[in-house]
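Below is one structure, written out as structure tokens; comments come after it.
The values are calculated or read from the model by the stated rules, or taken from the named source; none is laboratory data. On a predicted model such as this, the values are computed, not experimentally measured, just so you know. Cβ placement follows ideal geometry from the backbone for every residue including glycine, while neighbour counts extend to all protein chains displayed. Ligands, DNA and RNA are stripped out before the accessible areas are found, and what is left, the full protein with its side chains, is counted by its heavy atoms. Shrake-Rupley method; radii C 1.70, N 1.55, O 1.52, S 1.80 Å.
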Amino acid sequence: MDYKVLVAERIKEHVDISIERITNLIEIPPKSEMGDFAFPCFQLAKELKKAPNIIAAEIAEKINKEGFERIENLGPYLNFFVDKANFNKNTIEKILNEGDKYGSSKIGEDKNITIDYSSPNIAKPFHVGHLFSTAIGNSLYKMYAFEGYTPIGINHLGDWGTQFGKLISAYKRWSDAEALEKEPIKELLRIYVKFHDEAEKDPALEDEGRMYFKRLEDGEKEEVELWQRFRDLSLKEFENVYNMLGVKFDSYAGESFYNDKMDDIIAEINNKGLLVDSNGAKVVMLDEYNMPPCIIKKADGATIYATRDLAAAEYRKKNYNFHKSIYVVGTPQALHFKQVFKTLELMGHEWAKDCTHVGFGLVKFADRKLSTRKGEVIFLEDLLNQSITKTLDIINEKNNELENKEEVAQKVGVGAMVFTYLKNNREKDIVFDWDEMLSFDGETGPYVQYTYARAKSILRKLGTVTQNVDYSTINSKEEFELIKLLEGLQAAILNALDKLEPSILTRYVIDVAKAFNKFYNLHSIINAGDEELKNARLKLVEATAQVIKNGLTLIGLEAVERM
Ligand code: ARG
């Protein structure tokens, strides 16, 4: 039974506002002495024309108290104290019955959500910023699916644009076939950087680049084949990273996918009377909305990033009929998305309001040695491998006997990085710090993983309990706090989705791990003194492990049984 729902239903019997509004108003008091749920009556004062404390007193008098230890008024608040024995039993049994599905729902049934995430650029490194987008998008994807929505994961690859003309020119001049096979992106980056250095001395190179891009756009065989090769080689490298992270996409329709949709979108913008000439370029004016114009076609006739995003938005609406369309892209692109969404709105698409940009901060390094001076390019794959190696060192030190060390180090090491990206408000910058990230006792992935493995080890040693359990034996503050937290998994997920903020779930998982360790350190299970209490505690351990596992999975980590 969901107590919050029960609280809302009981209040509803006495006030004439919607159940949704009541649910939104219900608070969890900061101290358990003030009850397990509280309902502030301020908002009702106007409608009922009574002082909030009087409303609280009146409802407290009449309300049905079944299932609660007591319901009291304190000033303008109604405080609900749940019947603990009942609550403990219901919560733990629900978790164990539902298992891997605990916290899920069908709330999102028949609703498609497109999520544009990761979206790296071909022939460029998959860098630390792309992991930010990948981790957030992947977690949103999993949470939406868990709550019954149909998410569509789209990798909007940066695989088109004038830079490919330059790359073809550079390739023809300086490429090293062997290096290209071995480390494609590093080699492509090398010749691309060289192109820019050389073009400074010899501006004619720029013209050559433009010429090749034109040929590429015109579908000339040789140029298209080269471009295809760059794309394939890059994707193969990106796939390595996605495999390490366990991330998948439903579509790899990147920028080039929209090439043949450019004429239509431009014609549509023109037909709506929005296309304006500006020094030879075609733009949509947005000064009325305090934004620079959205460029649709450059003076040389080429379409750009924004044009392709406009076409992509329409395509997604037509093809997926989304309920919501999400773009997980760094905050520096906030203006770009505002312009694109505004243009869609001006084009008369009422669904423009369903498009949302989910921004995130920058990634900085505490240890400057991590970054290579030149262009500060850091390959994510290298970092992930470092994280795995470092984790293996720690495991060798702590638990040398562990059987499948490499596999554990892989999951914990990769998970530690993902966790770091998801543990704070996404708008906040991240300071990358190995010691902090891999610590077993901070607010880290390894800490939560370790807590899970510890719970599992208790269950292996003492055995899981199969018979019925008397939950009224559980009576400590720590236990009740933990169970109350466990009850809140779904609320945390829904809240995270509402704010498009996976950190809400990550923090929740940290809180559960902390509450579990507090309980475990203060209350012995094996020496509970009473067989019933021991069994109830074992059930609580099992339920906690389940909740941590579900939470970790939804932020994109894999729980490990031993570590
Ligand atoms: N490729 C871009 C970048 O690396 C991100 C693309 C984001 N998605 C989009 N629809 N614009 O910055």
Backbone HN-Hα couplings from phi across the stretch 187-199 [Karplus 6.51/-1.76/1.60, Hz, Gly and Pro as x]
5, 4, 5, 4, 6, 5, 5, 4, 4, 5, 4, 5, 5
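What pairs from LYS4/LYS89; LYS390/LYS514; LYS142/LYS423 go past 22 Å between their alpha carbons?
Working: LYS4/LYS89 16 Å; LYS390/LYS514 24 Å; LYS142/LYS423 16 Å.
Flagged as over cut-off: LYS390/LYS514.
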Quick one: if you stick a label point 7 Å off each Cα along the C-beta vector at GLU222 and LYS111, how many nm between them?
5.4 nm
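Of LYS31/LYS84; LYS297/LYS428; LYS106/LYS236, which sit over 24 Å apart, Cα to Cα?
Values: LYS31/LYS84 16 Å; LYS297/LYS428 34 Å; LYS106/LYS236 36 Å.
Check vs 24 Å cut-off fails for LYS297/LYS428; LYS106/LYS236.
How do the peptides 188-196, 411-419 rank, highest first, by the average count of neighbouring beta carbon atoms within 10 Å per residue? Walk me through the numbers before you get to the answer.
Working: 188-196: 17.8, 411-419: 25.6.
By packing density, highest mean first, the sequence is 411-419, 188-196.
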Give the cross-link partners of LYS46 among the aspartates and glutamates, using a straight C-alpha distance below 15 Å as the criterion and excluding same-chain residues fewer than 8 apart.
ASP16
From phi via Karplus (6.51, -1.76, 1.60), per-residue ³J(HN,Hα) for the stretch 298-310 in Hz, x at Gly/Pro:
6, 4, 7, x, 7, 7, 10, 2, 5, 4, 5, 5, 5
With charges only on Cβ, +1 for K and R and -1 for D and E, what is the dipole size of the stretch 190-331 about its Cα centre, in debye, rounded to 20?
640 debye
With no solvent and one point per C-alpha, what does the Debye sum give as log10 I(q)/I(0) for the stretch 298-428 at q = 0.19 Å⁻¹?
-1.08
Provide the per-residue ³J(HN,Hα) series for the stretch 269-284, in order, calculated from phi with Karplus coefficients 6.51, -1.76, 1.60 and θ = phi - 60°, each as a whole number of Hz, with x at glycine and proline positions.
4, 5, 4, 7, x, 9, 7, 10, 7, 8, 6, x, 8, 10, 9, 10
Treating only the Cα positions of the stretch 221-272 as identical point scatterers, give the base-10 log of I(q)/I(0) from the Debye formula at each q in 0.23, 0.28 Å⁻¹.
-0.93, -1.08
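With the cut-off at 35 Å, report for the chain the share of all Cα pairs above it, as a whole percent. Don't jump to the answer; show the numbers that get you there.
Details: 77560 of 158203 pairs.
Tail of P(r) above 35 Å: 49 percent of Cα pairs.
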Below 9 angstrom from the Cβ of SER104, what's the summed charge of the other residues (Lys, Arg +1; Asp, Glu -1)?
-1
To the nearest 10 degrees, the tilt of helix 163-174 (Cα long axis) against the first principal axis of the alpha carbons of the chain is 60 degrees
Amide H of LEU78: which non-local residues (sequence gap of 5 or more, or other chain) have their own amide H closer than 5 Å, using H built in the peptide plane?
PHE39, CYS41
Could you give the dipole magnitude of the stretch 32-79 about its Cα centre, charging the beta-carbon of Lys and Arg +1 and that of Asp and Glu -1, in debye to the nearest 20?
300 debye
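For the chain, give the magnitude of the charge dipole about the Cα centre (Cβ charges: +1 Lys/Arg, -1 Asp/Glu; no others), in debye to the nearest 20.
Roughly 680 debye, rounded to the nearest 20.
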Any idea what the relative contact order of the stretch 446-537 is, in percent, if you count C-alpha pairs under 8 Å spaced at least 6 apart?
42 percent
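Which value in Å is the Kirkwood Rh of the stretch 49-175 over different Cα pairs? Show your work: numbers first, answer last.
On the way: mean 1/r = 0.0491 Å⁻¹.
Across the stretch 49-175, the inverse of the average 1/r is 20.4 Å.
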Would you give the gap between the C-alpha center of the stretch 271-327 and the C-alpha center of the stretch 495-550, rounded to a whole Å?
49 Å
5 Å is the cut-off here: which amide hydrogens, built 1.01 Å from N in the peptide plane, fall below it relative to LYS364, excluding neighbours closer than 5 in sequence?
ILE430, VAL431, PHE432
Counting pairs of Cα atoms in the stretch 428-549, how many percent are more than 27 Å apart?
23 percent
Once you have the Cα-Cα distance between HIS196 and GLU427, take 0.36 nm times their residue separation minus that, and quote the gain in nm to one decimal.
79.9 nm
Based only on Cα atoms, what mean projected area does the convex hull of the stretch 103-226 have, in nm²?
10.1 nm²
Please report the relative contact order for the stretch 266-338, taking Cα pairs under 8 Å with a sequence separation of at least 6, and give it as a percent rounded to a whole number.
17 percent
Reachable aspartates and glutamates, given that their alpha-carbon falls under 18 Å from the alpha-carbon of LYS539 and they are not under 8 places away in the same chain
GLU93, GLU98, ASP100, ASP470, GLU478, GLU479, GLU481, GLU487, ASP530, GLU531, GLU561
P(r) over all Cα-Cα pairs of the stretch 268-351, 10 Å bins from 0 to the longest distance, whole percent per bin, short to long, reads 16, 52, 29, 3
Skipping prolines and chain starts, which residues have an amide H placed within reach, meaning under 5 Å, of the one on VAL377, given they are 5 or more residues away or on another chain?
THR372
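With a cut-off of 8 Å between alpha carbons and a minimum separation of six or more residues, what is the relative contact order of the chain in percent? Write down the numbers at each step before the final one.
Details: 860 pairs, mean separation 83.2, N = 563.
Reported relative contact order: 15 percent.
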Please calculate the 1.4 Å probe accessible area of TYR212, with all protein chains present, and give it to the nearest 10 Å².
30 Å²
